[in-house]
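The values are calculated or read from the model by the stated rules, or taken from the named source; none is laboratory data. Fair warning: this is a prediction, and the values are worked out from it, not measured in the lab. Cβ placement follows ideal geometry from the backbone for every residue including glycine, while neighbour counts extend to all protein chains displayed.
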Amino acid sequence: MADRTDPGPGRGTRLDRWHSSYADRAHGMRSSEIRALFAVASRPEVVSLAGGMPYIAGLPMGTIAEATERLLRERGAQALQYGSGQGEPELRDLIIEVMDLEGVEAHPDDVVVTTGSQQALDIVTRIFINPGDVIVAEAPSYVGALGVFRSYQAHVVHAPMDSGGLIPESLDETLGALRRTGRPVKFLYTVPNFHNPAGVTLAADRRGRIVEIAARHGVLILEDNPYGLLGFDGDTQPSLQGLNPEGVVYLGSFSKTFAPGYRVGWAVAPHAVRERLVLATESSILCPSMMAQLSVTTYLNTCDWRGQIKVYRELYRERRDAALSALAEFIPEASWTVPEGGFYTWVTLPDGLDAKAMLPRAITARVAYVPGTAFYADGQGSGHLRLSYCYPPPERIREGVRRLAGVVSGERELVEIFGTGSTGPIPGIQSPAPNQR
Ligand code: PMP
């Protein structure tokens, strides 16, 4: 008999007639905390330090519009047609040029174009994971990856990080302990550069050791690298893929260096894995959008994309500075990571504060963030929150942190008086919301 009191994910209080028909994997699906937040965070009066939305207004829209018009006039029949499951050869050639900046060793044949790197996460997980299989992932980890892993019923074990990213000795211990329990680890999921949500970067002298440890334990690495070209000093770190091409599946994306609306990302994989990724793409979407692929191809061929990446670096550096100086001014009792690129800083609240419980008060104070618990598979992270500085302009970031400071000090008073901070529902959280990111 179906449990008719369980409304199912994202269904509010409505009964779900088909609840008992769902596959087990659908029962594990949850609306992410970020997705739920979007409805309230996107109100104009709220300063959203929650979502990781790139600052698209920085793009040369007029040039892109002209290029799109030319594309449709000159190659419309191709752009509006089906394409190959692996992706357009012309775009795969250009992806090799982009990856060259980060030392990724690949041939265009090794590249599979995907609908954002999110779809790449999905197909990689689909081809490797049976229910109950173990994935080792950083603590904390990208919420969208955890959602994919959960939907395939993986068992996620977290490996600790510090300000230099994954800690090699701890990873070695974690993999060794798992091996002794007889549970094979299918892959290690890592975001080595400008981490989402932790804001840290894997230290150069750890990269070789991480690759060696994974290889020694026979564990594939899934290297997710959407932010690697957004380092504030312009430097790029050597990719893990470049250190061991046969032991790494590498994911890239145009979402942060160009625009997420095209939904174009890619995977680079050892030959046999690549074959299966193409089959998995074909069975789910036949082929990635030709219009999107040729639009990105046109952009790369006709616009100064390297120059645009420099513009983005400057823009996000200024916003990072605004976020960190506001934290130092308004919430000195907290601590935070110092990102050298990317979109996020990871804030550790003063003792006793719970970021998730505090969120309703923050929304009431018109500031939004993502509570740290969203980034763990096992409920850890309550004393942390992720602040995104990518979208609001510097003065709004400062105002948002000032509002947050008021909430933090109110919570501290509650903790002092009652021994505990806020509890309660998040206002507006049931509303339908655009997709999380
Ligand atoms: N991986 C990471 C670490 C991300 O931060 C994101 C987007 N926030 C993605 C993958 C997915 O990006 P997309 O599908 O837009 O390429």
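Condition first: out of contact with any strand residue (DSSP E or B) (no Cβ under 9 Å at 6 or more places or on another chain), farther than 21 Å from A215 by Cβ and not in a loop (DSSP other than H, G, I, E, B). Now tell me which residues in segment 121-180 satisfy that.
Those that are out of contact with any strand residue (DSSP E or B) (no Cβ under 9 Å at 6 or more places or on another chain), farther than 21 Å from A215 by Cβ and not in a loop (DSSP other than H, G, I, E, B): R126, G144, G147, V148, S151, D162.
Rundown of residues vs (1) in contact with a Cys (Cβ under 7 Å, 6 or more places away or on another chain); (2) under 17 Å from M53 (Cβ atoms); (3) near the ligand (Cβ under 9 Å from one of its atoms), yes/no style:
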position	(1), (2), (3)
P192	no, no, no
G199	no, yes, no
I210	no, no, no
A214	no, no, no
P238	no, no, no
Q241	no, no, no
G265	no, yes, yes
V268	no, no, no
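Taking the condition touching a Lys or Arg at 6+ places or on another chain (Cβ under 8 Å), at pLDDT 95 or above and over 30 Å from A377 (Cα atoms), does P108 pass? Break it down stepwise before answering.
Details: touching a Lys or Arg at 6+ places or on another chain (Cβ under 8 Å): yes; at pLDDT 95 or above: yes; over 30 Å from A377 (Cα atoms): yes.
Yes; evaluated as a whole, the condition is true for this residue.
Given the structure, is Y262 buried (at least 24 other Cβ atoms within 10 Å of the Cβ) and of a type in the set (S, T, Y)? It would help to see each step written out before you state the result.
Details: buried (at least 24 other Cβ atoms within 10 Å of the Cβ): no; of a type in the set (S, T, Y): yes.
No: the conditions fail for Y262.
In this structure, is T298 surrounded by fewer than 24 Cβ atoms within 10 Å (Cβ to Cβ), touching a residue at least 40 places away in the same chain (Cβ under 8 Å) and under 21 Å from the mean Cα position of the chain (by Cα)?
On the way: surrounded by fewer than 24 Cβ atoms within 10 Å (Cβ to Cβ): yes; touching a residue at least 40 places away in the same chain (Cβ under 8 Å): yes; under 21 Å from the mean Cα position of the chain (by Cα): no.
It is false that T298 is surrounded by fewer than 24 Cβ atoms within 10 Å (Cβ to Cβ), touching a residue at least 40 places away in the same chain (Cβ under 8 Å) and under 21 Å from the mean Cα position of the chain (by Cα).
If we keep just the residues of segment 125-178 that are of a type in the set (S, T, N, Q), more than 25 Å from W346 (Cα to Cα) and away from the ligand (no atom under 16 Å from the Cβ), which is surrounded by the fewest Cβ atoms within 10 Å (Cβ to Cβ)?
N130
Can you tell me how many residues within segment 90-124 are within 11 Å of the ligand (Cβ to nearest atom) and either crowded, with 23+ Cβ neighbours inside 10 Å or of a type outside the set (S, T, Y) (or both)? Walk me through it before giving the result.
Start the filter on segment 90-124 by keeping residues that are within 11 Å of the ligand (Cβ to nearest atom), which leaves 114-122.
Remaining after also requiring either crowded, with 23+ Cβ neighbours inside 10 Å or of a type outside the set (S, T, Y) (or both): 114, 116-122.
Residues meeting the conditions: 8.
Among the listed residues D16, D3, identify the single one that is assigned to a loop (DSSP other than H, G, I, E, B), modelled with pLDDT under 90, of a type in the set (D, E, K, R) and farther than 30 Å from I363 by Cβ. Show your work before the answer.
Working: D16 fails: farther than 30 Å from I363 by Cβ.
After ruling out the rest, the residue left standing is D3.
Conditions: (1) part of a helix (DSSP H, G or I); (2) touching a helix residue (DSSP H, G or I) at 6+ places or on another chain (Cβ under 6 Å); (3) polar (S, T, N, Q). S284 meets all but one. Number of the miss?
If we test S284 against (1) part of a helix (DSSP H, G or I); (2) touching a helix residue (DSSP H, G or I) at 6+ places or on another chain (Cβ under 6 Å); (3) polar (S, T, N, Q), just (2) comes out false.
Of the conditions (1) over 20 Å from P140 (Cβ atoms); (2) buried (at least 21 other Cβ atoms within 10 Å of the Cβ); (3) touching a Gly at 6+ places or on another chain (Cβ under 6 Å), T345 fails just one. Which one is it?
Evaluating T345 over (1) over 20 Å from P140 (Cβ atoms); (2) buried (at least 21 other Cβ atoms within 10 Å of the Cβ); (3) touching a Gly at 6+ places or on another chain (Cβ under 6 Å) leaves (1) as the failure.
Within segment 246-256, restricting attention to residues that are outside any strand (DSSP E or B) and more than 8 Å from P226 (Cβ to Cβ), which residue is nearest to the chain's Cα centre (by Cα)?
Step one: of segment 246-256, the residues outside any strand (DSSP E or B) are 246-247, 254-256.
With more than 8 Å from P226 (Cβ to Cβ) added as a condition, the list becomes 246-247, 254.
Working: E246: 24, G247: 22, F254: 13 Å.
By that ranking, first place goes to F254.
Could you please tell me which pairs satisfy a Cβ distance under 7 Å, a separation of 6+ or placement on different chains, a first residue in segment 356-384 that is at positive phi, and a second residue that is buried (at least 20 other Cβ atoms within 10 Å of the Cβ) and in a strand (DSSP E or B)?
Listed pairs, sorted by first residue: R366/V47.
Take the conditions within 30 Å of R92 (Cβ to Cβ), surrounded by fewer than 17 Cβ atoms within 10 Å (Cβ to Cβ) and of a type in the set (S, T, Y) and apply them to S284. Does it pass? I'd like the intermediate steps shown before the answer.
Values: within 30 Å of R92 (Cβ to Cβ): yes; surrounded by fewer than 17 Cβ atoms within 10 Å (Cβ to Cβ): yes; of a type in the set (S, T, Y): yes.
Spelling it out, S284 is indeed within 30 Å of R92 (Cβ to Cβ), surrounded by fewer than 17 Cβ atoms within 10 Å (Cβ to Cβ) and of a type in the set (S, T, Y).
Right, L277: of a type outside the set (D, E), within 16 Å of the ligand (Cβ to nearest atom), assigned to a helix (DSSP H, G or I) and within 30 Å of R216 (Cβ to Cβ) or not?
Values: of a type outside the set (D, E): yes; within 16 Å of the ligand (Cβ to nearest atom): yes; assigned to a helix (DSSP H, G or I): yes; within 30 Å of R216 (Cβ to Cβ): yes.
Considered against the rule, which asks whether it is of a type outside the set (D, E), within 16 Å of the ligand (Cβ to nearest atom), assigned to a helix (DSSP H, G or I) and within 30 Å of R216 (Cβ to Cβ), L277 comes out as yes.
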